[in-house]
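Data first, discussion second: the structure below is written as structure tokens.
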Amino acid sequence: MRYLFDNCMLDTARRELRRDNGLVAVEPQVFDLLEFLIRTRDRVVSRDDLLAAVWRGRIVSEATLSSRVNAARSAIGDSGADQRLIRTLPRKGVRFVGAVQEIGAAASDAPASGIAAPTAEARLPSLAVLPFVNLSGDPEQDYFADGMAMEIITALTRSSGLFVIARNSSWLLMGSGVMGHITRPELR
């Protein structure tokens, strides 16, 4: 699939980005981020959506996420000040807002080309680490309880045989009723 926008062409089959008919060197994650934003241009993409699609649920810092978005903007000739093509919506996410022309297979027939949708990882065992409850009565132990869960998530993401749900996504499940009968683990 090739996407034409502004003065750029993103070729997913060749994993190339061209701007003004010249090849632009981009890191693989920046390419994946740009492709994901273009494919999902009909909606605002949250941080969790980006983590699931580009980083496959692995935890990354806000600085890393911001640097990759800025690198994608720079690669296509956009900037954080202009936001002509990639717009940031504070506390909501980001959205590709440029006009795009698709060349190649129909969007529904297009291969994933290296970017897995959140459901594409179904063949790997998936797990979510839920937050611990601080039952000690000491409010300073809240950080310890959160830190324990984060350490477990970080350690599990190093295993290539597991799909680990991002912290924010799994912690949101606790209050949604999706988890049903599962209760939060206790830390004493």
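Bear in mind these aren't lab numbers, they're just calculated from the coordinates by the rules spelled out. Note that this is a predicted model, so its numbers are computed, not measured. Glycine gets a Cβ as well: all are built from the backbone with ideal geometry, and neighbour counts include every protein chain shown.
Please compute the alpha carbon radius of gyration of the stretch 129-169, then divide it by the globular-protein estimate 2.2 N^0.38 Å. Two decimals is fine.
Numbers: Rg = 11.9 Å, N = 41, 2.2 N^0.38 = 9.0 Å.
That works out to 1.31 for the stretch 129-169.
Just to confirm a number: summing +1 for Lys and Arg and -1 for Asp and Glu over residues other than I103 whose beta-carbon lies under 10 angstrom from that of I103, what do you get?
Here the charged neighbours net out to -1.
Take every Cα-Cα distance within the stretch 15-67, group them into 5 Å bins from 0 onward, and report for each bin the whole-number percent of pairs it holds.
4, 17, 28, 23, 16, 8, 3, 0
Quick one: Cα convex hull volume of the stretch 13-109, Å³ per residue? Write down the numbers at each step before the final one.
On the way: hull volume 11.0 nm³, N = 97.
Here the figure is 114 Å³ per residue.
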